[in-house]
Structures are given as C-alpha cells and as structure tokens.
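A short write-up of the structure that comes next.
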Amino acid sequence: MASDRGPSAGDATSRRRIEPWEFEVSFDPRELCKETCLLYEIKWGKRQKVWRHSGKNTTKHVECNFIEKITSERHFPPSVSCCITWFLSWSPCWECSKAIREFLNQHPRVTLVIYVARLFQHMDLQNRQGLRDLIHSGVTLQIMGPPEYDYCWRNFVNYPPGKEAHWPRYPPLWMRLYALELHCIILGLPPCLKISRRCQNQLTWFRLIPQNCHYQMIPPHILLGTGLIQLPVTWR
C-alpha cells in the first residue's frame with residue numbers, strides 16, 4: 001500500500017538522508033559528474049539493527065574518508081565483526097582500492113559489499129588491477145541495477161510524501177554496459193567500453209569496441225543484454 005508520507009519522522013536515519021536531486025545527479029549512470037557520493041550501511045555483529053549514513057569527497061576520496069571515520073570515531077579492534085555495504089556513484093580508484101584492502105587485512109572479520117553506478121577511469125590499467133585485487137581479497141563488487149536503485153531511494157533518500165516507489169528509472173542499457181565492462185576487468189580482458197565527452201554540447205558518448213576475446217570469454221547473457229549478440233531466430 002502506498003503511503004502518503006515521506007520517510008517516517010521517527011526514522012533515526014531521516015536526518016542522514018540525501019535529497020532526491022542529489023541522488024539523481026550523483027547516481028545517473030549516463031552522466032559523468034565529478035563528485036563521488038557514498039551511501040553506506042553497517043550491520044554490527046549479530047545485531048539486526050542497520051546503521052546508515054552517506055559521505056562525499058573532501059580533500060580525500062570518500063572511500064578513505066570512510067575508513068578514517070570508522071576507525072577513529074569508535075573502538076575498532078581487529079576482532080570486531082560487521083558487514084558493510086557501499087553504494088558508490090563511482091568505483092574506487094587504484095589508490096582507494098589499496099586502502100580498502102589494507103583496512104580489510106587489519107580487520108579480517110569485516111565483510112564488504114560494493115555496488116557502483118559507474119566505473120571510474122576504467123581504461124586506466126592501475127584502476128582495473130585495483131578492482132581485480134579488491135575482488136581477489138574477498139570484496140563483492142557489482143554494478144547497481146534497478147533493485148539497488150530502488151533500495152537506495154527508499155533507505156537513503158528524503159523522498160517526497162507518497163513517492164517511496166518513484167526512484168529515477170534510468171535506462172537499463174547503461175547498467176548493462178558497465179556490467180559488461182566490469183566482466184572485462186574481472187577476466188583481465190582489454191576494455192570493451194569507450195566513454196567520451198564532446199565539450200561543445202556536453203554530450204557523453206558510450207561506444208562498444210569488442211574484440212574476439214570478448215565474444216569468446218564474456219558470458220552470453222551479458223552480451224545479449226548489450227546487443228552484441230542476438231539469439232538465433234527459427235522460422236516455421
């Protein structure tokens with residue numbers, strides 16, 4: 001049943017929510033905004049309560065800000081057990097990936113799941129290796145899809161009354177393009193997705209540049225989603 005109210009006034013996270021326009025600008029996969037936004041939740045030990053907050057870049061990247069904040073503001077010995085989920089508007093750069101791995105090495109009972117809206121400078125070899133290293137260290141890394149956008153809208157955004165289900169319906173194709181490129185990164189393949197911006201009209205261009213290795217190694221359902229291959233049609 002749809003509610004005629006926005007987030008509950010008694011919701012402890014209400015003051016930590018971001019505004020709808022912030023979410024729409026930061027997490028639109030079609031746009032290459034400069035700012036990185038992080039929405040995160042932490043579940044401590046066996047407790048069911050989830051703690052949610054958000055962060056942005058300062059003089060440091062938002063991932064490093066999170067690590068410094070969580071380790072400085074509370075007692076955080078290696079024995080602490082918690083599950084952390086990040087929703088990032090950009091994937092971590094190689095330096096942030098290194099900082100994340102160092103943090104996880106120091107806290108082996110922490111698990112981290114990362115959902116990203118876009119891949120940051122994904123053609124840079126160091127950034128690609130950094131993401132692979134994260135995955136090899138046990139981090140779950142995925143591209144945000146409709147379920148994640150819906151979840152973030154409901155739990156992190158100060159949506160208007162009666163609009164709890166009205167998260168921005170971004171075209172799924174862009175999510176599939178980034179998912180394809182993430183598979184290339186994981187498998188150690190060359191870039192398949194090229195992104196460029198024409199400064200005169202500020203349009204962002206997404207172009208697929210597949211090679212034979214992509215057709216051979218990328219799972220067929222990923223290729224189908226981007227239109228790189230088509231199912232055979234049988235005429236009767």
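Coordinate-derived values only; no laboratory data. Everything numeric in this text was worked out from a predicted model, so none of it was measured. A quick note on method: Cβ atoms are made from the backbone with ideal geometry, for glycine too, and the neighbour counts reach across all protein chains shown.
Data table
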{"item": "Solution diffusion estimate, µm²/s, Stokes-Einstein, the chain, Kirkwood Rh from C-alpha pairs, 20 °C, viscosity 1.002 mPa s", "result": "111"}
{"item": "Average Cα contact separation per residue, the chain, under 8 Å, 6 or more apart, as relative contact order %", "result": "19"}
{"item": "Long pairs among LYS60/LYS163; LYS98/LYS194; LYS69/LYS194, criterion Cα-Cα beyond 32 Å", "result": "LYS60/LYS163; LYS69/LYS194"}
{"item": "Euclidean distance of C-alpha centroids, region 166-184 and region 60-82, integer Å", "result": "30"}
{"item": "Two-site FRET efficiency, LEU125 against ASN57, from Cβ-Cβ distance with R₀ of 30 Å, rounded to 0.05", "result": "0.85"}
{"item": "222 nm mean residue ellipticity, helices alone, for the chain (DSSP H n ≥ 4; -39,500 (n - 2.57); rounded to 500)", "result": "-10500 deg cm²/dmol"}
{"item": "With at most 12 neighbouring Cβ atoms within 10 Å, loop GluC sites (Glu not before Pro) (DSSP) excluded, longest segment of the chain", "result": "74-236"}
{"item": "On Cα atoms only, tilt of 172-187 relative to the major axis of the chain in degrees", "result": "90"}
{"item": "GNM flexibility winner over the chain from TRP86, TRP205, TRP174 (Cα, springs under 10 Å)", "result": "TRP205"}
{"item": "Inter-label distance, nm, simple model (7 Å from Cα along the C-beta direction), ASN105/LYS34", "result": "3.4"}
{"item": "Chain lengthening between ARG47 and GLN142 when straightened (0.36 nm per residue, less Cα-Cα)", "result": "31.7 nm"}
{"item": "Whether region 45-87 is rounded, prolate or oblate, judged on the alpha carbon gyration tensor where a/c under 1.5 counts as rounded", "result": "oblate"}
{"item": "Region 36-168: radius of gyration and largest Cα-Cα distance (Dmax), Å", "result": "15.0, 45"}
